[in-house]
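Read the structure below first, then the notes.
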Amino acid sequence: MSCIFCAIVAGKAPAAVVWEDEETLAFMDINPVSQGHVLVVPKEHYRNLYDIDPESAAAVMRTTVRVARAVREALRPDGMNLFQSSERAAFQSVFHFHVHIIPRWFGDELRLPPQVQRTDFSVLQEIAARIRERL
Ligand code: AMP
Ligand code: ZN
């Protein structure tokens with residue numbers, strides 16, 4: 001089986017599972033960026049955001065909310081990030097859709113790129129219009 005997350009879903013690769021239901025599985029990330037880093041996947045294989053069907057994505061989000069609250073109870077982090085990577089430019093390395101649940105603590109080493117670009121409202125309006133046209 002070439003997809004490692006499909007192998008985990010099939011029980012053919014090891015994982016520390018925290019939740020399983022008909023449509024989703026949640027398990028500990030093997031290289032956690034913080035203690036309690038969990039991945040939530042649909043059992044069906046989708047590459048990423050571009051091809052996952054909205055119902056499966058909704059099932060993943062239901063599990064994500066449930067597991068995130070359990071992580072909070074279990075580990076008492078100061079905060080939490082959800083992270084989803086689609087395609088290499090966005091750091092995707094495993095090409096089976098997954099959401100990262102990343103507990104955060106004040107003073108932890110995790111940094112998001114800090115540079116933001118102040119942008120004219122007219123530019124935001126123009127980009128919003130281009131997106132709206134496709135919805
Ligand atoms: P991404 O960069 O968003 O594609 O994230 C892939 C994540 O999968 C990384 O955080 C890896 O540490 C994690 N990962 C890769 N292989 C395994 C595995 N066998 N079990 C658990 N997590 C894994
Ligand atoms: Zn897969």
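The values are calculated or read from the model by the stated rules, or taken from the named source; none is laboratory data. As the structure is a prediction and not an experimental result, all values here were calculated from the model. Backbone-built Cβ (ideal geometry, glycine too); neighbour counts: all protein chains shown. For accessibility, only protein heavy atoms count, side chains too; no ligands or nucleic acids. Shrake-Rupley method; radii C 1.70, N 1.55, O 1.52, S 1.80 Å.
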Percent accessible area from carbon and sulfur atoms, the chain, protein chains only, probe 1.4 Å:
56
The chain - charge dipole about Cα centre, Lys and Arg +1 at Cβ, Asp and Glu -1, debye rounded to 20
260
Pop out the ³J(HN,Hα) list for the range 56-73 in order, Karplus 6.51 cos²θ - 1.76 cosθ + 1.60 with θ = phi - 60°, rounded to Hz; leave Gly and Pro as x.
5, 4, 5, 5, 4, 5, 4, 5, 4, 4, 4, 5, 4, 5, 5, 4, 4, 4
May I ask you to list the trypsin sites (Lys or Arg not before Pro) in the range 94-135 that are in a DSSP loop and have at most 10 other Cβ atoms within 10 Å of their Cβ?
ARG111, ARG118, ARG134
In terms of the alpha carbon gyration tensor, root eigenvalues a ≥ b ≥ c, rounded if a/c is under 1.5 and otherwise prolate when a/b exceeds b/c or oblate, the chain is oblate
In square angstrom, what is the accessible area per residue of the chain with a 1.4 angstrom probe?
70
Starting from the range 94-135, pick out the GluC sites (Glu not before Pro) whose DSSP state is loop and whose Cβ has at most 16 other Cβ atoms within 10 Å.
GLU109, GLU133
Got a sec? Charge dipole of the chain, +1 on Cβ for Lys and Arg, -1 for Asp and Glu; which of SER122, VAL67, PHE97 is way out at the positive end?
SER122
Quick check: the angle from helix 121-132's long axis to the longest principal axis of the chain, C-alpha only, nearest 10 degrees?
50
Can you pull out the GluC sites (Glu not before Pro) in the range 1-52 that DSSP calls coil and that have at most 10 other Cβ atoms within 10 Å?
GLU22
